[in-house]
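The values are calculated or read from the model by the stated rules, or taken from the named source; none is laboratory data. It should be emphasised that the depicted structure is a prediction, and the values quoted were computed from it without experimental measurement. Methodologically, a virtual Cβ is constructed for each residue, glycine included, from the backbone with ideal geometry; neighbour enumeration extends over all protein chains shown.
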Amino acid sequence: MASTLNILFIIGLLTFHQSIFIRADDEVKTDQEKLLDDFQDRCSSVKCRDGEMCVLNKDGDAECACVTQCEDPKDERLMICTKANHTYTSDCEFYQMQCWCRKNDERCTRREALADSIDYFGRCQTLGVCTDFELEVFPKRMTTWLGEILDALFVRKDLDAKYEVLVNEARRMKLSNTEKWWRNAVLWEFCELDRTHDNSVNNEELARFVRSLKVLEHCIQPFLDHCDTDDDKKISSDEWGACLGLDKDDNAFLKTFCSQ
């Protein structure tokens, strides 16, 4: 009997200490959560640039500091080449260098980075010159490519649900040998590029598009420049449609669909 009581006592004691440990751990988590909430509240009004992050200084005030460390992507496709033809391991590393130079940090080794910008993803290399013939046939190549990409994203389930209707219609059009089976893919790409939903794609939105494709398609920038017929540094839905073979009805549908 005594032995049984001893065992129960030990079990009870262990249970007691386990409950204290759990409560203490919960209290630590709660304190950590409070600290995190406080940090987020203080940083909510601070807008940091690329290559910067919000930190609290010694007075507890929120301010922007240079990113301390960039991950090495270990993938050459994620390297970036700048307009000055300088290769960085990643866009993070480039923006970090700009930050160091802005703040006169001793780690700034390329002060010219301040006036530099990202040209394209990938190691710097000699890109081919887009010939007149290549520019002429580029729209057909691009529409076919967009059609295949749209379908591939749908198969991989990496596509926004609202585009499913476009994919299904495009598949029916392709099966029936409709000449412009790629039409919906052209509509989709414009909707994706127009992040501001103002029925046009501005320079910043186009830059992300070009950076991803320039190494693979050296005609992409000349093509987009050609599309911008009024030279206002952005491409309207009408200009996009005209460049890629959409008719008046297609353009009307494009404006309606993208605004949804």
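Quick notes
- Selection status of R183, modelled with pLDDT of 90 or more and surrounded by fewer than 17 Cβ atoms within 10 Å (Cβ to Cβ): no
- Only one of R42, R49, R77 that is under 28 Å from R211 (Cα atoms), of a type outside the set (V, I, T) and at pLDDT below 85: R77
- Residues in the stretch 228-241 that are more than 11 Å from F190 (Cβ to Cβ) and surrounded by 15 or more Cβ atoms within 10 Å (Cβ to Cβ): D228, K234.
- Pairs meeting the criteria (first residue in the stretch 237-260 and under 13 Å from D194 (Cβ atoms), second residue at pLDDT 90 or above and among the hydroxyl-bearing types (S, T, Y), beta carbons under 9 Å, at least 6 apart or on different chains) are S237/S200; E239/S200; E239/T229; W240/S200; L254/S237; K255/S237; C258/S237.
- Any hit, the stretch 149-166, residues being surrounded by 11 or more Cβ atoms within 10 Å (Cβ to Cβ), hydrophobic (A, V, I, L, M, F, W, C), assigned by TED's automatic domain parsing to the domain that holds K234 and assigned to a loop (DSSP other than H, G, I, E, B): yes
- Complete set of residues in the stretch 222-258 that are part of a loop (DSSP other than H, G, I, E, B), over 19 Å from L146 (Cα atoms) and acidic (D, E): D228, D230, D231, D232
- Filter result for E112 (among the charged types (D, E, K, R) and touching a residue at least 12 places away in the same chain (Cβ under 8 Å)): yes
- Pairs where the first residue, in the stretch 58-86, is assigned by TED's automatic domain parsing to the domain that holds Q96 and the second is among the hydrophobic types (A, V, I, L, M, F, W, C) and part of a loop (DSSP other than H, G, I, E, B), C-beta under 6 Å, 6+ apart: A62/V46; C64/C48; C81/C124; N85/C124
- Among the residues making up the stretch 214-229, a single one is of a type in the set (D, E) and over 14 Å from N203 (Cβ atoms): E217.
- Just one residue in the set K47, K83, K74 is at positive phi and not polar (S, T, N, Q); that residue is K74.
- In the stretch 194-221, the residues that are assigned to a helix (DSSP H, G or I) and either among the aliphatic types (A, V, I, L, M) or at pLDDT 95 or above (or both): L206, A207, V210, L213, I220
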